[in-house]
Amino acid sequence: MALAHRSSGLLKPLSTASSSSFLHRRPYSTDDTTTITVETSVPFTGHNCETPSRSVDTNPKELMTFFTDMALMRRMEIAADSLYKSKLIRGFCHLYDGQEAVSIGMEAAITKKDCIITAYRDHCLFLGRGGTLLESFAELMGRTAGCSNGKGGSMHFYKKEACFFGGHGIVGAQVPLGCGLAFAQKYRKEGHVTFTMYGDGAANQGQLFEALNMAALWDLPAILVCENNHYGMGTAEWRAAKSPAYYKRGDYVPGLKVDGMDAFAVKQACKFAKEHVLKNGPIILEMDTYRYHGHSMSDPGSTYRTRDEISGVRQERDPIERIRKLILAHDLATEKELKDIEKQARKEVDEAIAKAKESPMPDEPELFTNVYRKGFGVESFGADRKELRTTLP
Amino acid sequence: MASIFQGVGAATSLSSSTSIETKKFHFCSRRSPSERKACFVVVRSGGVMVDGGLNRIGGRAEQLVTNAVAAKADTPAAATASKPGHELLLFEALREGLEEEMERDARVCVMGEDVGHYGGSYKVTRGLAQKYGDLRVLDTPIAENSFTGMGIGAAMMGLRPIIEGMNMGFLLLAFNQISNNCGMLHYTSGGQFKIPVVIRGPGGVGRQLGAEHSQRLESYFQSIPGIQMVACSTPYNAKGLMKAAIRSDNPVILFEHVLLYNLKERIPDEEYVLNLEEAEMVRPGEHVTILTYSRMRYHVMQAAKTLVNKGYDPEVIDIRSLKPFDLYTIGNSIKKTHRVLIVEECMRTGGIGASLTAAITENFHDYLDAPIVCLSSQDVPTPYAGTLEEWTVVQPPQIVAAVEQLCR
């Protein structure tokens, strides 16, 4: 069938035959009992703390899930790129492709009760937390089906039920918020942790160190994750920071440097950090990662770095490729099956975009909703003055 | 009501005290001087003789607020001890409100500099850390930006923090958190998160505290969408507004004034919560509406005494709610008097008075017989020298002159 036309000498002999006869031979994506041990690409580097082991346990199901999810994320970001260029997404659009491993690895190590808060590069983290493609695209296009009813935009994705706290436009301001989330977790004694994410650009904000001081002072369960993609918009890290070793910047706070393009390294580090933080107070994780796109859609991304650098990283360190190689090496799926997964991701994304385009733009009354909360009993007018009376309990 | 006030004005041969509850005045005048001193409420503001205000009249939120002592004090010749209510200073009233709310809801917590062990720089949180522990009454390092952010983050998770700025001026460092995160998160998250924080602290011009410690931040914060602002001026409304602010699900900024912390008043024993958005009718009148808030209320009431002696009948309204304005009360007053004088402590440029002038002109232009006069502080950094500082803020003689000018 179509498969035979597509096959060429490049494909391995195994995959030229029809795929169906091979399905029963391969433990594809449903097996979570077999343990596969994977070695991280590079060892961890620690500051004031012991490093976790390089060997990470996983299983076929997890590997396939990683691949599927990351393929979906990558596809979503690329689709957002073309939507922006066709002016359906306006304003600022900061894309996460290249950094997917950070989101995926983190989700694998934590529960939905642990909190994540990040800055504006939040589309994939939202997806990782359980957000749907429809909500993402609708929000990006400013429609009512969006996660914030179209009123937030690219930089304001939130999902309260999954403890995803956004989505913040001002660089660094989310770090004290994250420490506040950790404070509430400590107050409630529930045993959950907060991952407060920021970039290498935000790492030079003063409020970060203020928040870190307080988190360390009161042993708050806050894990500060620096997603170091080496460029703060157009400024390389060595031009902005005297000491680009962000994991060491905490001084008395332990730190761990992690290869952020390796989902398993991220998973191991987050697991380690969660255990550490519940006993010892905050820790800094520096994820060494890379973004293929520019800082945002208005930045070509090539004026401050060479195209060779970008393609070099894509060839050597791409997170999806790494998982693909692992899957093929462990014989968990064929190349064709993986390509099918990517096609499926594309299809899902296209469908979501089509559905999001059908969603209407918000009406004028929406302009005034959610400015204040009503009805807690001590107002008679309604704070936004658009209504005359609210009922008092 | 005006006649009672005449009585008050005439009988103020007493040294420095004026009653807040005018009905009580009748009984007290029959007693011996020593008892009389005990039953009067001393309301001083740093050596300046000031008036207390009448309790709020008007039935709109009657079901919310237990009427203050005035209505109950009908027992003649009652001894001081058996009078309903209890007397306390404004900072104690704030503390009482805070403590009652912390008792009522375990999610209420306080954070700020020196609020815990030290008891608060103005003693508002004294004793609370010993009672509720160090986590619930949190001593923060000097990092306004981050601990305000922390409070907001904690609020996103369901706690109800009260963030204290040791002086309102320090909260300028937290402006980003207050504006972007506090005010906007409910909107940008599509209603998912509520931010029930109370940001409070003393502001205003004090006694030679210097320029940076005499700031009026209400004018800077007033444009931020999503927040509410209230200013307390008496122990009664301080406690009520504090409780209402804590119970509100919206971020509320509660402006206190450095010079008003030692005002004494008798407040009810029963629990009461005031309406955050309502103005307080201090003194009803016929000739001119004087709108004011916080410390200027006392300058206005002092000027009112002089005005009454000169034959004017000013209606004094303490607007209390700085965002949003209580245009209902203000509008009804303007419809009656047709003249407005705004007396505020903010700067002339871009202050609360400027916004209020615009709001009144927009809504009640037809009812005005004269242009709105707005008396504000001078557009200068507050000087240290005592005389210059006095000239920076509005003084009672200026208010009297303005009313005379307005009512010509």
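The values are calculated or read from the model by the stated rules, or taken from the named source; none is laboratory data. This is a predicted model, so every value here is computed, not measured. Here Cβ is always computed from backbone atoms with ideal geometry, including for glycine, and neighbour counts include all displayed protein chains.
Summed over the stretch A:73-123, residues that are aromatic (Phe, Trp, Tyr) and part of a helix (DSSP H, G or I) total 1.
Residues are listed down the side, and each one gets a yes or a no for (1) small (Gly, Ala, Ser); (2) surrounded by 13 or more Cβ atoms within 10 Å (Cβ to Cβ):
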| residue | (1), (2) |
| --- | --- |
| A:ILE327 | no, yes |
| A:GLU335 | no, yes |
| A:ALA345 | yes, yes |
| A:ALA352 | yes, yes |
| A:PRO365 | no, no |
| A:PHE368 | no, yes |
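Taking the stretch B:341-398 as the search range and keeping residues that are hydrophobic (A, V, I, L, M, F, W, C) and without any contact (Cβ under 8 Å) to a residue 12 or more places away in the chain, which one is nearest to B:GLY203 (Cα to Cα)? Per the criteria, the residue is B:LEU388.
Filtering the stretch A:58-72 to residues that are touching a helix residue (DSSP H, G or I) at 6+ places or on another chain (Cβ under 9 Å) and either outside any helix (DSSP H, G or I) or over 20 Å from A:ALA333 (Cα atoms) (or both) leaves only A:THR58. Of all residues in the stretch B:141-178, those that are under 24 Å from B:GLU212 (Cα atoms), touching a helix residue (DSSP H, G or I) at 6+ places or on another chain (Cβ under 8 Å) and more than 8 Å from chain A (Cβ to nearest Cβ) total 13. For the stretch A:159-203, filtered to residues that are of a type in the set (Ser, Thr, Tyr) and more than 7 Å from every other protein chain (Cβ to nearest Cβ), the residue that is farthest from B:VAL110 (Cα to Cα) is A:TYR198. Does at least one position in the stretch A:204-226 carry a residue that is more than 9 Å from chain B (Cβ to nearest Cβ), without any contact (Cβ under 8 Å) to a residue 40 or more places away in the chain and touching a strand residue (DSSP E or B) at 6+ places or on another chain (Cβ under 7 Å)? No, that holds for no residue. Determine, yes or no, whether A:THR16 is surrounded by fewer than 13 Cβ atoms within 10 Å (Cβ to Cβ), more than 24 Å from A:VAL225 (Cα to Cα), out of contact with any helix residue (DSSP H, G or I) (no Cβ under 6 Å at 6 or more places or on another chain) and at pLDDT below 95. No.
When both residues are 6+ apart or on different chains and their Cβ atoms are under 7 Å apart, which pairs have a first residue that lies in the stretch A:121-142 and is without any contact (Cβ under 8 Å) to a residue 60 or more places away in the chain, and a second that is of a type in the set (S, T, N, Q) and part of a loop (DSSP other than H, G, I, E, B)? Short answer, once both residue conditions are applied: A:GLU139/A:SER148. For the stretch A:306-320, the criterion of being closer than 23 Å to A:ASP262 by Cα, buried (at least 19 other Cβ atoms within 10 Å of the Cβ) and touching a helix residue (DSSP H, G or I) at 6+ places or on another chain (Cβ under 8 Å) is satisfied by at least one residue. Evaluation of A:THR144 against the conditions (1) assigned to a helix (DSSP H, G or I); (2) more than 8 Å from chain B (Cβ to nearest Cβ); (3) over 18 Å from the mean Cα position of the chain (by Cα) shows that the sole unmet condition is (1). Counting only helices (runs of 4 or more DSSP H) that sit wholly inside the stretch A:263-338, those with at least 3 residues that are within 30 Å of A:ALA215 (Cβ to Cβ) and out of contact with any Cys (no Cβ under 7 Å at 6 or more places or on another chain) are A:263-280. Which one is nearest to the chain's Cα centre (by Cα), of the residues in the stretch A:246-289 that are touching a residue at least 60 places away in the same chain (Cβ under 8 Å) and farther than 21 Å from A:VAL56 by Cβ? So the residue we want is A:PRO282. Taking the condition in contact with a strand residue (DSSP E or B) (Cβ under 8 Å, 6 or more places away or on another chain), at pLDDT below 95 and assigned to a helix (DSSP H, G or I), does B:LEU356 pass? Considered against the rule, which asks whether it is in contact with a strand residue (DSSP E or B) (Cβ under 8 Å, 6 or more places away or on another chain), at pLDDT below 95 and assigned to a helix (DSSP H, G or I), B:LEU356 comes out as yes. So in the stretch B:134-154, with the set limited to residues that are out of contact with any Leu (no Cβ under 9 Å at 6 or more places or on another chain) and within 22 Å of B:ARG247 (Cβ to Cβ), which one is surrounded by the fewest Cβ atoms within 10 Å (Cβ to Cβ)? Among residues in the stretch B:134-154 that are out of contact with any Leu (no Cβ under 9 Å at 6 or more places or on another chain) and within 22 Å of B:ARG247 (Cβ to Cβ), the one surrounded by the fewest Cβ atoms within 10 Å (Cβ to Cβ) is B:LEU135. Being out of contact with any strand residue (DSSP E or B) (no Cβ under 6 Å at 6 or more places or on another chain) and crowded, with 23+ Cβ neighbours inside 10 Å, is that true of even one residue in the stretch B:194-204? Within the stretch B:194-204, one or more residues are out of contact with any strand residue (DSSP E or B) (no Cβ under 6 Å at 6 or more places or on another chain) and crowded, with 23+ Cβ neighbours inside 10 Å. Apart from one condition, A:SER243 fits all of (1) more than 17 Å from the chain's Cα centre (by Cα); (2) among the hydroxyl-bearing types (Ser, Thr, Tyr); (3) at the interface with another protein chain (Cβ under 10 Å from one of its Cβ atoms); the exception is (3). In this structure, does A:SER154 turn out to be closer than 28 Å to A:GLN205 by Cα and more than 10 Å from chain B (Cβ to nearest Cβ)? Here the answer is yes, as A:SER154 does meet what is asked.
At least 1 residues being of a type outside the set (Lys, Arg), under 24 Å from B:ASN176 (Cα atoms) and within 14 Å of another protein chain (Cβ to nearest Cβ) is the threshold, and among the strands (runs of 3 or more DSSP E) wholly inside the stretch B:201-314 those reaching it are B:228-231, B:252-257.
So, A:ARG317, is that one closer than 30 Å to A:THR235 by Cβ and either touching a Lys or Arg at 6+ places or on another chain (Cβ under 6 Å) or in contact (Cβ under 8 Å) with a residue 24 or more places away in the chain (or both) or not? Here the answer is yes, as A:ARG317 does meet what is asked.
Please tell me if B:LEU128 is touching a Lys or Arg at 6+ places or on another chain (Cβ under 9 Å) and facing chain A (nearest Cβ under 7 Å). It is false that B:LEU128 is touching a Lys or Arg at 6+ places or on another chain (Cβ under 9 Å) and facing chain A (nearest Cβ under 7 Å). Residues that are crowded, with 20+ Cβ neighbours inside 10 Å, touching an Asp or Glu at 6+ places or on another chain (Cβ under 8 Å) and part of a loop (DSSP other than H, G, I, E, B) within the stretch B:315-325 comprise B:ILE319, B:ARG320, listed in sequence order.
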